[in-house]
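The values are calculated or read from the model by the stated rules, or taken from the named source; none is laboratory data. This is a predicted model, so every value here is computed, not measured. Ideal geometry is used to build each Cβ from the backbone, glycine not excepted, and the neighbour counts take in all protein chains shown. Each accessible area value is taken on the protein alone, full model and side chains, heavy atoms only, with ligands, DNA and RNA left out. Shrake-Rupley method; radii C 1.70, N 1.55, O 1.52, S 1.80 Å.
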Amino acid sequence: MKVAIAGCIHGEVERMYKVLESIETEKDCRVDLLLCCGDFQAVRDEMDLESMTRTKDYHDLGTFHKYYNGESTAPVLTIFIGGNHEASNYLQELPFGGWVAPNIYYLGYAGCVNINGLRVGGISGIYKKYNYRRYHHEFPPYTEDSKRSVYHVRELEVFRLKQLSSKIDIFMSHDWPRNIDKFGDEMTPTDLISMNPNFESDIKNDCLGSPANKEILDHLQPSYWVAAHLHCRFSAEIQHGSSTKTKFLALDKAVHDAIERKFIEILDIDVEPEESPLSYDLEWLTVLHNTQHLVTGKTKFSSMPKENGPVRWNFTPTSEEKELILSKFDDDLIVPINFCRMGKSVLKGKPQSNPQTSKFCSTLNVDDPLCIAMAGIN
């Protein structure tokens, strides 16, 4: 299976597909799936720009709005995670994932899906220690603080991902797992510092990358881990023992004036081919359902259940629990094609409820984290 990986897109969606088309022509191949590792910038209108943390380099609408409005159509199924430069007001409508445009699917705060025999997992956002043990309390219109905290990774998502037991083929993150720089295939930490002197302090202090992502990496041990964020290409291989290893690939960003920068590459993934549409992952759905009680709108610090503590701490689903969830979906885990255009992103200062999320929550019997945050449950 041919899977294209893209680094930070920063709104250059149209350019991404054009570059992918040129790579397919050059290699005489057809890509089956495109995975984007954050900073996708699904910006629909000027109002969405107000929900973003932006620098002078990323201040325009980009080209995603063409795909949202139906002017253009994504030529290949595209799945992306969030980074630290996103239209957060739009993505918060889809905390469990959903279509942001036809053929373009957001994975949510964290998630796992299946497509053509490939199991893909991922986590959105970047790690900041001071917000890690908070819940998702933010909602639009954002303050200058919440505009940033909204894209910070939370312990709840890491805890949920660690309940998965079946093999992950590809895992997506925006920032790198901590200390991945020590396992480079072609580049050493010194090479990285030569490329970008800003890396030097973090590398020398053993703090380049996310400790949360390292925790996920060590636990899930996926076949591939793909990332972006640091705007350079870097590959590595992590041996987890005598027989299990993870191939890591981080890619550069899409920019107007540097075609030679490698922000898209194609991987040949050895999986049993299946002609199947994008589908929910049953184990992940069951974890979401079983951990619903851990979701609140609290802004204060908290922590997840601990091993051998007074309450249940292991939520890896049993066969019976998975059968119950499967029955809720009438034995059909295919992700519905239910994208709808929502108009203006914020109406009279209030966020909108996305019908995709409402349908998902109703079926799985879970609550929308955005609604919980808006209710101010403390």
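Tabulated values for the structure
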{"read-out": "Extended-chain gain in nm, criterion 0.36 nm per residue less alpha-carbon gap, residue 365 and residue 299", "value": "21.4 nm"}
{"read-out": "Three principal axis lengths of region 255-326 [C-alpha, angstrom, descending]", "value": "55, 38, 22"}
{"read-out": "Among 247, 27, 359, residue whose mean-square fluctuation peaks in a GNM of the chain (springs only between Cα atoms under 10 Å)", "value": "27"}
{"read-out": "Entries of 2/262; 182/245; 298/322; 328/359 with Cα pairs more than 20 Å apart", "value": "298/322"}
{"read-out": "Computed E for residue 341/residue 28 - FRET, C-beta separation, R0 45 angstrom, nearest 0.05", "value": "0.80"}
{"read-out": "Alpha carbon convex hull of region 1-75, projected area averaged over orientations, nm²", "value": "5.4"}
{"read-out": "Extension gain from residue 167 to residue 328, taking 0.36 nm per residue of separation minus the Cα-Cα distance", "value": "55.6 nm"}
{"read-out": "Hydrodynamic radius by Kirkwood, which averages 1/r over all alpha carbon pairs of region 147-227, in angstrom", "value": "13.9"}
{"read-out": "For region 190-239, fraction of C-alpha pairs farther apart than 14 Å, in %", "value": "59"}
{"read-out": "Taking the chain and dividing mean pair separation by its residue count, relative contact order in percent (alpha carbons under 8 Å, at least six apart)", "value": "21"}
{"read-out": "Shape box of region 209-302 [Cα atoms, principal axes, largest first, Å]", "value": "48, 39, 34"}
{"read-out": "Electrostatic dipole magnitude of region 219-335 [Cβ: Lys, Arg +1; Asp, Glu -1; Cα centre; debye, to 20]", "value": "1000"}
{"read-out": "Probe 1.4 Å - accessible area at residue 50, Å² to nearest ten", "value": "120"}
{"read-out": "Quarter of Cα convex hull surface for region 1-153, i.e. mean projection, nm²", "value": "9.3"}
{"read-out": "Mean Cα-pair separation over length for region 7-152, i.e. relative contact order, pairs under 8 Å, 6 or more apart, %", "value": "22"}
{"read-out": "Cα centre as origin, Lys/Arg/Asp/Glu Cβ charges: the chain dipole, Debye", "value": "1320"}
{"read-out": "Shape category assigned to region 262-378 from the gyration tensor of Cα positions, a/c cut at 1.5", "value": "oblate"}
{"read-out": "Count, lysine Cα pairs under 22 Å in region 110-180, 8 or more residues apart or across chains", "value": "4"}
{"read-out": "For the chain, built as a Gaussian network whose Cα springs stay under 10 Å, the top-fluctuating residue of 63, 244, 357", "value": "244"}
{"read-out": "Point-to-point label distance, residue 18-residue 240, nm (Cα→Cβ direction, 7 Å offset)", "value": "4.0"}
{"read-out": "Relative contact order (%) - region 178-269, alpha-carbon pairs under 8 angstrom, separation at least six", "value": "25"}
{"read-out": "Percent of beta bridges antiparallel (DSSP, the chain, rounded to nearest 5)", "value": "55"}
